[in-house]
1. May I ask you to verify whether Ala56 is exposed (fewer than 10 other Cβ atoms within 10 Å of the Cβ) and of a type in the set (A, V, I, L, M)?
2. For residues in the range 122-135 being surrounded by 10 or more Cβ atoms within 10 Å (Cβ to Cβ) and not β-branched (Val, Ile, Thr), which is modelled with the lowest pLDDT?
3. Could you say whether any residue in the range 21-34 is of a type in the set (D, E, K, R), modelled with pLDDT of 65 or more and part of a helix (DSSP H, G or I)?
Amino acid sequence: MAKKLKRTAQSSAAATSTMGQISEKVAAMASNLAEQPSAKQVMDSAQQIWLAGLGAFSKAQTEGRKVFDTLVKQGEQIEKHTRTVAEATIETAKEQASKTIGLASGKFDKLEQVFEDRVHKSLNRLGVLTSKDVEALSGQVAELAEAVHALLAQEKRGSKTATARKPASKKPAARKPVAKKPVAKKPAARKAARRA
């Protein structure tokens, strides 16, 4: 029995030391739990994070709309400015094109006039009549034709009255022969005539 008691004492000592270790471990765990947040603290923290997210979302909606409106206004201003600059550039280009066309047209007209003058001078040297000259001559021919018709009509009227007054038996007076003038020989023909 003494042996049994020894063994029991040793076992109790071992159990006490094991219990001491367990109690130390429990105490350490308790102190760790005290240092760690409780479930209520974790819930409170999660709730605060959720509320902060909702607040950020709400602020983003409110401020986002304001930012969007501001961006739209700035875009409209930039578009208006760009249109103004583009229209001014187009007007400047149109004016430059008009000036260039005007200068080119003026130069072309001047060149055309110089060409016409030169052609007219060349045709005059060759003796070719222009359309103005032909028109003037046509007018003169028409006047002469009218004058001839008038003279013929006058002569017919005059001859009818003359035939009624004069007898028809008279013959017109004979014409005298006209002496021909000798034709002057050309200098080359004169030399040939002298040699022969």
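1. So Ala56 fails the test.
2. Only one residue fits best here, namely Leu129.
3. Within the range 21-34 (the criterion being of a type in the set (D, E, K, R), modelled with pLDDT of 65 or more and part of a helix (DSSP H, G or I)), the answer is yes, since at least one residue qualifies.
Yes/no per residue for (1) under 43 Å from the mean Cα position of the chain (by Cα); (2) assigned to a helix (DSSP H, G or I); (3) polar (S, T, N, Q):
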residue: Trp50; (1), (2), (3): no, yes, no
residue: Lys80; (1), (2), (3): yes, yes, no
residue: Thr100; (1), (2), (3): yes, yes, yes
residue: Val119; (1), (2), (3): yes, yes, no
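Yes/no matrix, rows are residues, columns are (1) outside any loop (DSSP other than H, G, I, E, B); (2) of a type in the set (A, V, I, L, M, F, W, C); (3) modelled with pLDDT under 80:
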site: Leu137; (1), (2), (3): yes, yes, no
site: Glu146; (1), (2), (3): yes, no, no
site: Ala150; (1), (2), (3): yes, yes, no
site: Glu155; (1), (2), (3): yes, no, no
site: Lys171; (1), (2), (3): no, no, yes
site: Val178; (1), (2), (3): no, yes, yes
site: Ala184; (1), (2), (3): no, yes, yes
site: Ala189; (1), (2), (3): yes, yes, yes
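The values are calculated or read from the model by the stated rules, or taken from the named source; none is laboratory data. All values derive from a computational prediction rather than experimental measurement. Glycine gets a Cβ as well: all are built from the backbone with ideal geometry, and neighbour counts include every protein chain shown.
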